[in-house]
1. Using the basic label-point model (7 angstrom from Cα toward the beta carbon), what is the residue 626 to residue 482 distance in nanometres?
2. Say R0 is 25 Å: what FRET efficiency, to the nearest 0.05, do residue 412 and residue 497 get from their beta-carbon distance?
3. Which number comes out as Rg/Rh for the chain once both Rg and the Kirkwood Rh are worked out on C-alpha atoms?
4. Through the Karplus equation 6.51 cos²θ - 1.76 cosθ + 1.60, θ set to phi - 60°, convert the phi angles of the range 84-97 into ³J(HN,Hα) values in whole Hz; use x for Gly and Pro.
5. Be a star and scan the range 425-439 for residues whose amide nitrogen sits under 14 Å from the point 7 Å along the Cα-to-Cβ vector of residue 513.
6. For the residue pair residue 505 and residue 548, what label-to-label distance in nm results when each label sits 7 Å from Cα along the Cα-to-beta-carbon direction?
7. When the Karplus curve 6.51 cos²θ - 1.76 cosθ + 1.60 is applied with θ = phi - 60°, which whole-Hz ³J(HN,Hα) does each residue of the range 401-414 get, with x for Gly and Pro?
8. Just to confirm a number: summing +1 for Lys and Arg and -1 for Asp and Glu over residues other than residue 128 whose beta-carbon lies under 9 angstrom from that of residue 128, what do you get?
Amino acid sequence: MINFDSEICTNFEAAASREWLETNGIGGYASSTIAGANTRRYHGLLTAATRPPLGRVAMLSKFEETLFVGDSVYELSANRYPGAVHPQGFKYLKFFRLDPFPIWTFEIEGISIERKIFMVYGENTTVCQWSVRRDEFESWLEIPNVNERRKDTPQVALEIKPLLAFRDYHHLRQNADDFRTGFEAAENIVSVAPSNEFPALFFTHNAARVEKTGHWYRDFEYAIEKERGFDFHENLFQPFALTFDLSEKANVIASTRVDEAYEIGQLEAAELARREDLIVRADAKDDFEAQLALAADQFIVARGAGKTVIAGYPWFSDWGRDTMIALPGLTLATGRPEIARDVLLEFSNHFSQGMLPNRFPDAGDRAEYNTVDATLWYFEAIRAYAQKTGDYDFVRENLYEKLAESILWHLRGTRYDIHVDTDGLLYAGEPGTQLTWMDAKIGDFVVTPRTGKPVEIQALWHNALMIMTDFARRFGDEHDRARYEAMAETARLSFNALFWNDAEECLFDVVASGKRDGAVRPNQIFAASLPFSMLSDEQARKIVAKVEAELLTPVGLRSLSPKDKDYRPIYVGTPFERDSAYHQGTVWGWLTGAFVDAYRRVSPPGAETETRVAEILEGFRNHLTEAGLGQISEIFDAQAPHEPRGCPAQAWSVAEVLRVKNPK
């Protein structure tokens, strides 16, 4: 359980910098800060996936919450407006905990009010509940003249006012030209349908009273959007108010489907049981592993009849590269191999010209194939699945032919001039393209083009050939076994002739047109970490030492050595400034997995090595409470104190820490 007392909760900047996340297994989510103020355009109580896992619509931004205690009025909400934070309900916050979903405890006039939020798995449904501790409520009723407000008003009342956005989740609502402001109220259900473009939203409730309001709340200010150089003001519509008698629990279920039979106790019990099962299946050895197992589950979502992986919350969709890198950690390390099988099978349906898609865009159905490494990571994910489960029959019957065809496409050439060169190494790139994971692009300017023969691509290519050698042997395909093995050996010999940098005692980052890029980057670690390596043990030791000395931090590897003239230590500013730093020093948490693999390879097995691995991973344990609660961020500043940046919840960051923390 992650928890904070009033020291953090009543400090607006501290509370607003910590974000919670609830997901629904189909791409939708709810997210905000423990202060209650939204700081991103992506924050909200219901962002629905209307075309799972995409088609995301920010429907319900938040609730304005007001508590009435006798004649006294207390506003529990918090919003940032230009020059002010109003209201300041966080000042009443006594406690916040993630247990396992977000729960707030407010204390007012000796009464403790608890707010709880969770999502229903498989639905675009967010459940919100407010309650008063019964013993405190009954004691409070004994106070004379406590209820002299209105005879039809409960003794302790809560007023909830929903604020609606109804927009694509990447955008902001600025005007009301196409916004229908009406609502329909039936017994215990209120519905709104502001736009024909999006589904209606239903509020199932147990309120004592529903009243029409109909106001626009203007100029909400989103601090992180401002910091990132984007538009940061929004207007939201407030259609009605719900008033609850807090002598009983106040319930609101916001959903894209209407169901009068919703029973919150049953929904909560089912979700608690589901999450407990995730921890048990993961065989978590400590609280850290248990929390990571829950974090991992948030990225696994439905795509068609199968499964896929959301690369990061709140703004990423499912990316081929991220999915294949993250898959072993998210599924195999958490005791869920059937999910890995579903994902591998689902992605096999999206091969084109021997390539796996880089990403599925938010708008439209056409996948994008601008990547050289997603396909190669697919080979490695299949190898990991087969080794873990022994299910080689699944590989032979469903995937082997696709993999063999992919090798042929790489031999004869596919998109973006991706082809096997005469030296057996893999060439990739055309002007204006960014095909490796270092893919920052600003307009037509590619920050790290890496055209030619990037070091990790060669490591992945050789690894894929050796995987195919093993599969062919297992499947009795002797002709192809010999061919794949010969190709791998050619690649190994060429790689060692071209890539070793004697001056730095490590590997060049890219070789192309007779030029060799000596920038010290983390990409070389994969040549030492992948199961089938082209390096000698001595070379691997030197690479690990080099990376540890210049790139290792408590939360991942720097993307460029601080000694390099192009090094950028801080990831802040305009989109141009941030993209210019994205792979020029910025720390990436997911690279820790490869470093730990390589470190274990070159170190003697035993307690001393595992103690050092635990030290390397300890920074992530601390990080679980500082940004995306219970999650691991996408990136961090390259210099101490390594402030978290980018997505507060990133799939491959969580997955790689899980995979190497307690390898099973």
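The values are calculated or read from the model by the stated rules, or taken from the named source; none is laboratory data. Small disclaimer: the values here were computed from a predicted structure and weren't measured. When we count neighbours, we look across all protein chains shown, and the Cβ atoms used for this are built from the backbone with ideal geometry, even at glycine. Note: areas computed on protein heavy atoms with side chains; ligands, DNA, RNA excluded. Shrake-Rupley method; radii C 1.70, N 1.55, O 1.52, S 1.80 Å.
1. So the two model labels end up 5.7 nm from each other.
2. Between residue 412 and residue 497 the formula returns 0.55.
3. Here Rg/Rh amounts to 1.01.
4. Values, residue by residue: 7, 10, 8, x, 10, x, 4, 5, 8, 6, 9, 7, 10, 9 Hz.
5. 428-433
6. Each label point is offset 7 Å from its Cα along the Cβ direction, giving 1.2 nm.
7. So the Karplus estimates, Gly and Pro as x, are 4, 5, 5, 4, 5, 4, 4, 4, 4, 5, 5, 8, x, 9 Hz.
8. +2
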